[in-house]
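Shown below is the structure under consideration.
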Amino acid sequence: MALLTCEDLSLGYEGKPILEHVSFRVEAGDYLCIVGENGSGKSTLIKTILGLRRPLHGKIYAGDRPSGTGGGKLPPSKRLKRSEIGYLPQQTVVQRDFPASVLEIVRSGCQGRQGLRPFYSKADKQLAMENIRRMGLEKLVKRCYRDLSGGQQQRVLLARALCATRRLLLLDEPVSGLDPRVTAEMYQLISDLNRKEGVTIIMVSHDLGAALQYATHILHVGAHVWFGTRDDYLQSKVGSSFLKQGGMPE
Amino acid sequence: MNLANYIQLPFVQNALIVGVLVSLCTALLGVTLVLRRFSFIGDGLSHVAFGAMTVAAVVGLTNDMVLVLPVTVVCAVLLLSVGQNAKVKGDASVAMISVGALAVGYLLMNLFPPSGRSNISGDVCTTLFGGTSILTLRPEEVTISIVLSAVVVLFFIFFYHKIFAITFDESFAGATGARTKLYNLLLAVVIAVVVVLAMDLVGSLLISALVVFPALSAMRIFKSFRSVTVCAAIISVTCTIAGILSAAQFNTPVGSTIVVADIVVFAVFSLIGWITQK
């Protein structure tokens, strides 16, 4: 059963579409990579899935298509809730000189479930510590975010995202600006979350090599939208021509 | 008159009470405003409040709060919550509203001089730079200030973690289910209230100083959001008390004296920050 179904989405700004006819399904445990050229609307698609923007056209369902041909409908209690999505955004200018400790940032991942409760519960604090350990940040708990290296900062944000969810993680260019060694570590970390802990991953990346190494499914956006499994992508016209452009080995 | 006698005077006590409360509020909100690149919103809103005040004076309202507070709140909401998606971007829209309100306010004051007042430039000067208004507070103004400041401080404590979340990363907070629009709206309202409160203390032009200096000073040295917030509050309150007392001693304008105290602290903190980071 699907965790997320998108049907014939059109995205754009002020009524002008930049991306049209996007349809795909994400099943629990999938690792979906969204690839495409710069400016093709990858980040906009992520923001739309997250509910930060409205699509111009089309529908996003939590679960399967509600009725008709799409098969069974998940009972409401099992459907994906807004507060079960974890998100690793691209870094903003604001964050670079932000005075905040690692602990403060990771805990803020629990905020989505807080409602109007003013303070974090014991369970929230434990969850934060658990994720800090999972990301290997124990020694940095009290450190200031702006004093950390790029890779450490990404791990802090990943720990925060894990506080928000154990089900679905959306990652927007998680390795941009990282050096090759740290990039490989980051990919391994994400892959472990997917394979060992069953976290569903949707990742935007311009790094096609990594996408093909780790992903189970590929969504190619641009003039031609293509969605399917990784193996089918390698055989497809869209996939092979994009690979050639990128100078990647087939 | 020596300091001990001076503090005994009821109007000085009123000034100290209101001063401490208002500077506490500006410092608390200042941290999030500075970090979200909205340092100038205090300035912009205070000019709006100035414009509204002149309208109130022209119309002849005895209690100008009735007009000034709602107008400022509306502008704050427009700037903070709508402004981020608008076509005119944050800093430009703040500049636009700020200068516009200032000009219209001054024009109105000259076109329709409030009856019984001949010294327009004196009035304007007081509104802009605070003048002695904090030393001439009426008892009901003191009560209003105490109540409003208490509300602001309680709001800040209650929403502290949410304010941190939307300040650090609004997209993440929104994406994972936090009600960012609601919190932004509340924050805008609270900021407007604080600006209107601070008008009496330092005047329209110097409000930005109360907003940015304590936060910036604290950020030189402290490295977590909580320690920065607490430190900014302490700096701000201390500088205000020092400013009010030395203004009395040296017979200087209260508002600018407070701001000078804030500048001195900023310089000292920057120096300490620079030395400790080496």
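Just so you know, all these numbers are worked out from the coordinates, no wet-lab data involved. The structure displayed is predicted, hence computed values, not measured ones. Counting neighbours? That spans all protein chains shown, and the Cβs are built from the backbone with ideal geometry, glycine included.
Determine which aspartates and glutamates satisfy two conditions relative to B:K278: a Cα distance under 17 Å, and not lying fewer than 8 residues away in the same chain.
List returned: A:D147.
At 20 angstrom or more along the helix axis (alpha-carbon based) and mean Kyte-Doolittle of 0.0 or higher, what helices does chain B contain? Whole DSSP H runs only.
Helix filter hits for chain B: B:10-35, B:41-59, B:90-111, B:139-158, B:180-202, B:207-221, B:225-250, B:254-276.
A:K237: which aspartates and glutamates have alpha carbons under 15 Å from its alpha carbon, excluding same-chain residues fewer than 8 sequence positions away?
A:E250
Still on this structure: Quick one: B:L111, A:L137, fewest Cβ neighbours within 10 Å first, how do they rank?
In increasing order of surrounding Cβ atoms, one gets B:L111, A:L137.
Let me ask you something else. Apply the a/c threshold of 1.5 to the C-alpha gyration tensor of region A:93-237 and tell me whether it is rounded, prolate or oblate.
Here region A:93-237 falls in the prolate category.
To make sure I understand the rule: partners must be aspartates and glutamates, Cα under 18 Å from the Cα of A:K244, and not fewer than 8 residues away in the same chain. Which ones qualify?
A:E37, A:D207, A:D231, A:D232
Can I ask one more? Run the numbers on chain A and let me know its relative contact order in percent, using alpha-carbon pairs under 8 Å that are six or more apart.
26 percent
Which pairs in the list A:K47/B:K181; A:K142/B:K223; A:K122/B:K181; A:K47/A:K122 are over 20 Å apart, alpha-carbon to alpha-carbon?
Pairs exceeding the cut-off: A:K122/B:K181; A:K47/A:K122.
Report the calculated FRET efficiency for A:S191 and B:V230 (r = Cβ-Cβ distance, R0 = 41 Å), to the nearest 0.05.
With R0 = 41 Å, the Cβ-Cβ based efficiency is 0.50.
Ok, one more. Rounded, prolate or oblate: pick one for the protein assembly as shown, where a ≥ b ≥ c are the square roots of the eigenvalues of its C-alpha gyration tensor, a/c under 1.5 means rounded, and failing that, prolate if a/b is larger than b/c, else oblate.
It comes out prolate by the Cα gyration axes.
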